[in-house]
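The values are calculated or read from the model by the stated rules, or taken from the named source; none is laboratory data. Everything quoted here is computed from the prediction, not taken from an experiment. Cβ coordinates were reconstructed from backbone atoms using ideal geometry, including for glycine residues, and neighbour counts include every protein chain displayed. Please note that ligands, DNA and RNA were not included when accessible areas were found on the heavy atoms of the full protein model with its side chains. Shrake-Rupley method; radii C 1.70, N 1.55, O 1.52, S 1.80 Å.
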Amino acid sequence: VQLQASGGGLVQTGDSLRLSCTASERTLSTWSMGWFRQAPGREREFVGAATSSGNTKYHSDSVKGRFTISRDNAKNTVYLQMISLKPEDTAVYYCAVKLYSGSYYAISSYAYWGQGTQVTVSS
């Protein structure tokens, strides 16, 4: 499965962005999906996840209240809506399939990582 993440860019503090993740050759509707991010010199960290139906969502404490994961299975797309962006949100954002059992927050639960999309927030 090849995932494509898009929607990143250069924005200012307080701005909003919406990231999208899709797969051209396979439906995502049967899988839980997650978003992670990796800043320069730091480990990849969990941002958000949604179950296959989208009815249950998880967000890291650092983005809770500002970022929201959602999905439109009819469009085969998972989104990450980001508001009130801060410079510390600057990172490459990745989407992935939760392929394995385990915590939604654990990177080891995920596979089929997309290529990532760069988000840069200037102060």
Candidates Ala50, Ala74, filtered to the one that is crowded, with 17+ Cβ neighbours inside 10 Å and either in contact with a Phe, Trp or Tyr (Cβ under 8 Å, 6 or more places away or on another chain) or without any contact (Cβ under 8 Å) to a residue 24 or more places away in the chain (or both): Ala50
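Identify all residues within segment 1-45 that are small (Gly, Ala, Ser) and surrounded by 13 or more Cβ atoms within 10 Å (Cβ to Cβ); write none if there are none. Spell out how you get there, then give the answer.
Keep residues of segment 1-45 that are small (Gly, Ala, Ser), which gives 5-9, 14, 16, 20, 23-24, 29, 32, 34, 39, 41.
Answer for segment 1-45, where residues must be small (Gly, Ala, Ser) and surrounded by 13 or more Cβ atoms within 10 Å (Cβ to Cβ): Ala5, Ser6, Gly7, Gly8, Gly9, Ser20, Ala23, Ser29, Ser32, Gly34, Ala39.
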Go through the residues of segment 8-19 one by one and say whether even a single one is touching a Leu at 6+ places or on another chain (Cβ under 7 Å) and acidic (Asp, Glu). yes
Conditions first: (1) open to solvent by 20 Å² or more (accessible area, probe 1.4 Å); (2) more than 15 Å from the chain's Cα centre (by Cα); (3) more than 19 Å from Met33 (Cα to Cα). Thr90 passes all but one, so which condition is the exception? (2)
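What strands (runs of 3 or more DSSP E) lie completely within segment 10-86 and have 2 or more residues being farther than 21 Å from Val121 by Cα and among the β-branched types (Val, Ile, Thr)? Give the derivation first.
On the way: elements: 17-23, 32-38, 45-50, 57-59, 67-72, 77-82.
Qualifying strands (runs of 3 or more DSSP E): 77-82.
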If I filter segment 64-71 for residues that are open to solvent by less than 60 Å² (accessible area, probe 1.4 Å), among the polar types (S, T, N, Q) and at pLDDT below 95, do I get at least one hit? no
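Go through segment 26-44 and give me each residue that's under 22 Å from Val119 (Cα atoms) and touching a residue at least 60 places away in the same chain (Cβ under 8 Å).
Filtering segment 26-44 down to residues under 22 Å from Val119 (Cα atoms) leaves 33-44.
Met33, Gly34, Trp35, Phe36, Arg37, Gln38, Arg44 - these are the residues of segment 26-44 that are under 22 Å from Val119 (Cα atoms) and touching a residue at least 60 places away in the same chain (Cβ under 8 Å).
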I'd like the full set of residues that are in contact (Cβ under 8 Å) with a residue 40 or more places away in the chain and open to solvent by 40 Å² or more (accessible area, probe 1.4 Å), limited to segment 93-114. Leu99, Tyr104, Tyr105, Ile107, Tyr112, Trp113
